[in-house]
Amino acid sequence: MNSFANLPQPHLHDGSLKPLQPESSLGDLPLYEFHWEIDAAATDLAHVFDRMPTLPGALLMDNGQLIGMISRQRFGEYLMRPEGANLFLSQPVRVLNSYARTQYLILSPEISILSAAQQALRRIPELISEPIIVKLSDGDYRLLDFHELNIAAWQLRGIETQVWYEKTHLEMLRHTRMASLGRLVDGVSHEILDPVSFIWGNLKHLTNYVSDLLGLITLYEETFADVPLEIDEYRTNIEVNYLREDIPRTLASLKTGSSRLSKLATSLQNFCHIDEVYPKAANMHESLDGVLLLLKSRLNDEIEVVKDYGHLPPIPCFIGQISQVFMNILTQAMNSLLYFVANAECAAEFAIPGQRESTQNFHPRIRIQTETCSIDGSGNRWIAIRIGHNAPTIPVELRRQIDSGFAETKPLTQETELTNSYRIITDRHRGRFSVVCAESLNQPLDGELTTEFEILLPLK
């Protein structure tokens, strides 16, 4: 028997040595590099296993080609059979492999640990504890101990459970705070609406009273052409003719201000609506208009909002959550447009070549379309709400979320307004949420849009 120093030595690759994360892959786990020529003596392999108690097995090679794999456990089982030691130890490993030939699992190092554990556990009971062969990109092979994989999978399940607990806890806190904020805003809006309703209700009577008084003054002037000097001077000082023109305009302005304040308070109430246990029928157009009213301070004159509303019936939903989705999407659209407009102004101010010319004919636009449709050919009706904008630049964060397909499993640090909107539509309302981006400015979407969010909600 050769000395141990002359035998092939196993090499352990400890992966990235980073703490395990839900997205960790097989490449992050300890992998053994141990190739054994199939015509080498089984006695020498037994010697290696004896000196390396943590080695899970050996990759059997024939002139550089992978032939199979023999695990420590299966190697020991065959040697413990009656006459097994006499039969196999004196022979090359090829003889033992012909008796112990079994199916083996080959996986990529990029596959996630949890997915690999699921595939390993699907094997027949006799093969569950067998090592896994990991095929590297350069065509080389490594061995992964199944127990290492199982321990890592359990650790990740513990991490997922902790993340789920923290996420649930944060969701409960968020819902509690939103409910408290909703009650507060609802109370403030109610207190605003009460005096506004009082003012609005009395403006009609005040308009009639002022009209009557102005009519009486006109009648006095027509009846008594000659008035005392004091009255004539007082009438001149207060500019009666100007008052006749300005008082109706003042009353009309009061009506407009009261109406806007009333709509704003109502929009606040709808946006901070405390959702009930069960969904209630709501008007999507009123929700969209209410959110646009709340965002009016940011919708400057440069941004054009085009509404293309179709006929939508009342839709059973949690209107507070739907309004939050509209707020998130419209905010993202406005941020993209305002960011591009600011860059364009800087380019114009500092005369940046190339960029200035590309923004001279740019007109910021947000388009909102609604319609009822059928998407799967089954006859079931859906409502479609599409919100798009024409900002030439698409934020990196939005591209990342689109590329990841709004993955359901994300660390808490990766939660964003758009991922929350995705979950509200898909999980809470059994709808569909998608984002379409233009490939380039030369290939825009319909109507010169570069980005469009589509929300589909089922009609029940």
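Annotations for the structure displayed:
- Residue satisfying all of: in segment 112-135; loosely packed, with under 15 Cβ neighbours inside 10 Å and either within 22 Å of Asp62 (Cα to Cα) or among the hydrophobic types (A, V, I, L, M, F, W, C) (or both); nearest to the chain's Cα centre (by Cα) among these: Leu121
- Residues that are open to solvent by 50 Å² or more (accessible area, probe 1.4 Å) and at pLDDT 80 or above, drawn from segment 376-393: Asn380, Arg381
- Flag if Glu160 is closer than 17 Å to Ser25 by Cα, in contact with a helix residue (DSSP H, G or I) (Cβ under 9 Å, 6 or more places away or on another chain), surrounded by fewer than 16 Cβ atoms within 10 Å (Cβ to Cβ) and modelled with pLDDT under 85: yes
- All positions within segment 136-157 that are under 18 Å from Gly57 (Cβ atoms) and surrounded by fewer than 17 Cβ atoms within 10 Å (Cβ to Cβ): Leu136, Asp140, His147, Asn150, Ile151
- Within segment 421-436, residues that are outside any strand (DSSP E or B) have Cβ atoms under 8 Å from residues that are small (Gly, Ala, Ser) in these pairs: Ile425/Gly431, counting only partners at least 6 apart in sequence or on another chain.
- Tally of residues being open to solvent by 60 Å² or more (accessible area, probe 1.4 Å) and in contact (Cβ under 8 Å) with a residue 12 or more places away in the chain across segment 290-299: 1
- Residue satisfying all of: in segment 86-111; among the small types (Gly, Ala, Ser) and surrounded by 12 or more Cβ atoms within 10 Å (Cβ to Cβ); nearest to Ser25 (Cα to Cα) among these: Ser108
- Flag if Thr236 is part of a helix (DSSP H, G or I) and either of a type in the set (A, V, I, L, M) or closer than 30 Å to Gly257 by Cβ (or both): no
- Restricting the search to helices (runs of 4 or more DSSP H) fully inside segment 42-100 and requiring at least 3 residues that are under 23 Å from His11 (Cα atoms) and of a type outside the set (Lys, Arg) gives 42-51, 72-79.
- Residue match in segment 8-21 (condition: outside any loop (DSSP other than H, G, I, E, B) and at pLDDT 85 or above): no
- Candidates Ser262, Ser267, Ser197, Ser253 - the one that is touching a Leu at 6+ places or on another chain (Cβ under 6 Å) and assigned to a helix (DSSP H, G or I): Ser267
- Any hit, segment 279-286, residues being out of contact with any Lys or Arg (no Cβ under 7 Å at 6 or more places or on another chain), without any contact (Cβ under 8 Å) to a residue 24 or more places away in the chain and open to solvent by 60 Å² or more (accessible area, probe 1.4 Å): yes
- Condition check for Asp39: out of contact with any Ser or Thr (no Cβ under 7 Å at 6 or more places or on another chain), open to solvent by 60 Å² or more (accessible area, probe 1.4 Å), touching a residue at least 24 places away in the same chain (Cβ under 8 Å) and not in a strand (DSSP E or B): yes
- Where a residue in segment 64-83 is under 12 Å from Pro131 (Cβ atoms) and its partner, wherever it lies, is open to solvent by 20 Å² or more (accessible area, probe 1.4 Å) and at pLDDT 85 or above, with Cβ under 7 Å and at least six apart: Gln73/Ser129
- Looking across segment 311-324 at every residue that is surrounded by 13 or more Cβ atoms within 10 Å (Cβ to Cβ) and not polar (S, T, N, Q), the one that is modelled with the lowest pLDDT is identified as Gly320.
- Subset of segment 101-151 [touching a Ser or Thr at 6+ places or on another chain (Cβ under 6 Å), more than 18 Å from Glu77 (Cα to Cα) and not in a loop (DSSP other than H, G, I, E, B)]: Ser112, Ile113
The values are calculated or read from the model by the stated rules, or taken from the named source; none is laboratory data. Keep in mind it's a predicted model, so treat the numbers as computed, not measured. Neighbour counts are summed over all protein chains in view; Cβ atoms, including those assigned to glycine, are modelled from backbone coordinates with ideal geometry. Heavy atoms of the whole protein, side chains included, go into the accessibility calculation; ligands, DNA and RNA do not. Shrake-Rupley method; radii C 1.70, N 1.55, O 1.52, S 1.80 Å.
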